[in-house]
Amino acid sequence: MENICDLISQKRKERGLTQAELGAILGISGKAVSKWERAESVPDVLTLAALAEVLGITVNELLSDPNALPEE
């Protein structure tokens, strides 16, 4: 299973969105999206449902593998 960070990046690119565009849709900064994709942080609980909807996947898919979350 791929890392949640890789999954976010892959699905964002499949939808033709930049990090800034995804951030704007979610009401956050593009820098926050960048941090998710570099495994420096993860989306907060309140953002997960909106993120999954925008990416066309379920929250379960985002979190399906507990080992897919960044180490820190």
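Every read-out reported here was derived from the displayed coordinates using simple, explicitly stated rules and does not represent laboratory data. Since we're looking at a predicted model, the values are computed, not measured. In this analysis, Cβ positions are derived from the backbone assuming ideal geometry, glycine residues included, and neighbour counts consider all displayed protein chains.
Highest mean first, how do 7-13, 54-60, 28-34 rank when packing is the count of other Cβ atoms within 10 Å averaged over residues?
Numbers: 7-13: 18.1, 54-60: 13.7, 28-34: 16.3.
Answer by packing, highest mean first, reads 7-13, 28-34, 54-60.
Quick one, what does Rg over Rh come out to for the chain if you take C-alpha atoms and the Kirkwood Rh?
Rg/Rh for the chain comes to 0.91.
Once both labels are modelled 7 Å past Cα along the beta-carbon direction, what's the Ser29-Thr47 spacing in nm?
1.1
For the chain, take the longest principal axis of its alpha carbons; what is the angle in degrees between that and the long axis of helix 4-14, to the nearest 10 within 0 to 90?
Roughly 40 degrees, rounded to the nearest 10.
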